[in-house]
Amino acid sequence: MTIAVLLKQVPDTTAKISVNGGRVDESAVSKWSFSPYDEYALEAALQLKEVAGGELVAITAGPARCEKLLRDAAAVGADTLVHISAENVNDLDSIQIQKLLAAAVEKSGASVIFCGKQAADTNAGSTGPGVAELIGASCVTLVSEVAADGAGYTATRPSSSGHEKVGVSAPCVFAFDKGLTEMRRPNVRGIMMAKKKPIETWSVAYLGVDIGASSVNIDSHSPPAEKPPGQKFEGAESVSTVVGKLRDEANVI
Amino acid sequence: MPYEALDFYDVDSLLTEEERMVRDMVRDFVDEDVIPKIEYACRDGVFPDEWRVALGEMGVLGAPLEGYGCSGLSYTAYGVICRELERGDSGLRSFASVQGSLAMYPIWDFGSEEQKQHYLPKMASGEWIGCFGLTEPDYGSNPGDMITKAEDMGGHYLLNGAKMWITNGTIAQVAIVWAKLDGVIRGFIVEKDDPGFSAPEMKGKHSLKASVTSELVFQDCKIPKDRLLPNVEGLRGPFSCLNNARYGISWGAVGAAQACFDSARDYSLSRIQFTHPIASYQLVQNKLSWMLREITKAQLLAYHLGQKKDAGTWIPEQISLAKMNNVDIALEIAREARDIHGANGILDEYCIMRHMANLESVKTYEGTHDIHNLILGRHITGIQAFTREL
């Protein structure tokens, strides 16, 4: 069995984001990391591999900087590293990226696919269902846990009354919400092995997939509006004003 | 505020990708498992056992040693590990320094094949803790005149004497003890349960509070003959260990200084006095820029020394300079950072006074600041000034 984990490199949640000329200035991003939900997906995939055996292939699409992400995945236990080389990844829309990922998944021979429910930068949330559609796989979203149950897999996801367990068989895609355990920390042995592991770089041409033209055009990025300054009230006589504002403006009481 | 490691000259860009991954691993451990617990550990005066387990799992104990379950990383990587650990706390870095450089290294370099196979894998994994007994109550800077002695009783050795200021002593399963056998300094492996050996903890420290410091007492302590380190005699044994530990300290001090700088910068930007952040005042900016200047120099010193260690082109005097300088500036930076924090600087909400108190020990142990000056003085002039006929 081959398990694929689809990973995206995003600006670290602690990195300062600046916008320059209507675009996020990537050169100013001090630290790139795994998208947090992808970390949960990777950890769950590693745990499934430990129980069910098989190969774990880590796949990412993006520019050369993404190789670091694959090395980090190898350090915690990914067996095969696939880099879909796409320097212009920001010009591609979600469907184009899904086509690339789906082609790579099929080329890797994986039948069980893990990914995060959404990426921390774009938050589009379409990768899991999109790839599943393209490869004709079942898809379970908002997953927190996956277990192998002999014939197939049981995924735990939230339901209106708590949690539900969904049984699927391969091929299947699990789009992870916050999982049960955080991604493991690597160790020196893993890091030293990761250094030696080859990264397979697959170009769009090599994948032989027609991704068509982008159907989405981003006009511009803009930083979030600055928060309006807070208002300060002092003394007992301000109570009625504060209560009025909480009721009428903030709608919290 | 997340920690931002000052690296004004991009010195870390000189590291290999592997060294940067090791850095990120240890930094993550310190952020997640050390910083949230360190003040409690200090108040309770304990070294949390889960840190021992984590250090072993990460594979950073005895990191630059090859084989026997050790990682075989570069000395530069070992330095980076020390820097990141000491950003958390000097006591944590001390644990790793003692385990790797002072307890594992002598077994690795001077031990028999059987000793290496028996001790090193369990020490690399953190299962067994090691300590290093050289300093005595009356012999600190002058270890050559140590009193502790070993006698060859035919079937075993008998150890008598006492060691003091021994990091990890009480919690160690293995002690590397330097003692005189027929007047010559030799290394012995003493195990926790050897008859006549005890390791009472020293209490009441204002420094390195999250680190265990002990006495080692030998009263007719009987140890088997196969516990002598066969391949070294004289002060070269302990000094070889100290060279490696001092090298690690030269990096570690940078980590403590970076932590203090980070806190001082953040505090000065948020602390408003006279209607403006104190960071906007020239006196505070002068202090911050001095810190940046000294940290940058210390980083370059540590990195270049690491390259020399890895190339095998170093001399002990170069380690003396780096240990002395980097601890000295780290301590001064901690003091200045405490000053910038005003009254808040004495609280354990901020790391700086803890680092300051720790660095007072670091300045003194592993060769005092003054002794390192004398080592350099001898190197420059050819005249030793440690002792004279009075």
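The values are calculated or read from the model by the stated rules, or taken from the named source; none is laboratory data. These numbers were taken from a predicted model, which means no experiment stands behind them. For neighbour counting, all protein chains shown are included, and Cβ atoms are generated from backbone atoms with ideal geometry for every residue, glycine included. These accessible areas exclude ligands, DNA and RNA; they are computed on the full protein's heavy atoms, side chains included. Shrake-Rupley method; radii C 1.70, N 1.55, O 1.52, S 1.80 Å.
Things to note:
- Normalised per residue, the accessible area of the stretch B:53-102 is 15 Å², obtained with a 1.4 Å probe and no contribution from ligands, DNA or RNA.
- Separation of the stretch A:209-253 and the stretch A:9-59, taken as the distance between their Cα centroids, equals 28 angstrom.
- The protein assembly as shown: Rg to Rh, with Rh as the Kirkwood radius over Cα pairs: 1.04
- Residues in the stretch A:1-50 average 45 Å² of solvent-accessible surface per residue, probe 1.4 Å, ligands and nucleic acids excluded.
- Förster-model FRET efficiency, 60 Å R0, B:Glu349 and A:Ala213, C-beta, rounded to 0.05: 0.60
- Complex-versus-alone comparison for the stretch B:1-25, residues with a loss of 30 Å² or more in accessible area, probe 1.4 Å: B:Pro2, B:Glu17, B:Glu18, B:Met21, B:Met25
- Estimated inter-spin distance, A:Val24 and B:Asp7, nm [label 7 Å along Cα→Cβ]: 2.1
- Folded to 0 to 90 degrees: helix B:236-270 orientation relative to chain B principal axis, Cα: 20
- Between A:Lys31 and A:Asp12, the built amide H atoms are under 5 Å apart, and every one of these is 5 or more places off in sequence or on another chain.
- Protein-only accessible surface order, largest first, of B:Lys180, B:Lys163, A:Lys165, B:Lys209 at 1.4 Å: A:Lys165, B:Lys209, B:Lys180, B:Lys163
- Expressed as a whole percent, the accessible surface of the stretch A:1-90 that belongs to carbon and sulfur atoms is 47, based on a 1.4 Å probe.
- Distance in nm between pseudo-label sites at B:Glu191 and B:Gln219 (7 Å out along the Cβ direction from Cα): 2.3
- Projecting label points 7 angstrom from Cα along Cα→Cβ for A:Asp12 and B:Lys297 puts them 2.9 nm apart.
- Counting only Cα atoms, chain B measures 78, 49, 41 Å along its principal axes, largest extent leading.
- Taken over the stretch A:13-69, the ratio of Cα radius of gyration to 2.2 N^0.38 Å equals 1.51.
- Part-to-part distance (alpha-carbon centres) for the stretch A:106-185 and the stretch B:47-69, which is given in Å: 35
- Residues within the reach of a label modelled at A:Arg247 (point 7 angstrom out along Cα to beta-carbon, backbone nitrogen below 12 Å), restricted to the stretch A:226-240, are A:240.
- Applying the criteria of a DSSP loop state and at most 12 other Cβ atoms within 10 Å to the chymotrypsin sites (Phe, Trp or Tyr not before Pro) of the stretch A:21-86 yields no site.
- Hydrodynamic radius of the stretch B:1-78 by the Kirkwood approach over all distinct alpha-carbon pairs: 14.3 Å.
- Cα point-scatterer Debye curve for the stretch A:1-95, base-10 log of I(q)/I(0) at q = 0.15, 0.19, 0.21 Å⁻¹: -0.62, -0.92, -1.06
- Principal axis dimensions, the stretch B:351-390 - Cα atoms, whole angstrom, descending: 43, 23, 12
- Element breakdown for chain B at a 1.4 angstrom probe: carbon and sulfur atoms account for 53% of the accessible area.
- Area hidden from solvent between A and B (accessible, protein heavy atoms only, 1.4 Å, total, Å²): 1300
- Rg/Rh ratio calculated on Cα atoms of the stretch B:259-367 (Kirkwood radius): 1.07
- Per residue accessible area of the stretch B:294-390, 1.4 Å probe, in Å²: 49
- Segment B:Ser198-B:Ala385, length gained on full extension (0.36 nm per residue, minus Cα span): 63.7 nm
- Proportion of all alpha-carbon pairs of the stretch A:99-164 beyond 15 Å (%): 58
- Each residue of chain A gets 186 Å³ once the volume of the Cα convex hull is shared out per residue.
- Put simply, the convex hull of the Cα atoms in the stretch B:107-197 casts, on average, a shadow of 6.3 nm².
- Calculated FRET efficiency, A:Lys232 to B:Lys37, Cβ-Cβ distance, R0 = 35 Å: about 0.45 to the nearest 0.05.
- Heavy-atom accessible area, 1.4 Å probe, ligands and nucleic acids excluded: residues of the stretch A:184-215 down by at least 50 Å² from chain alone: A:Arg185, A:Val188, A:Ile191, A:Met192
- Rg to Rh quotient for the stretch B:142-297, alpha carbon positions, Kirkwood Rh: 1.22
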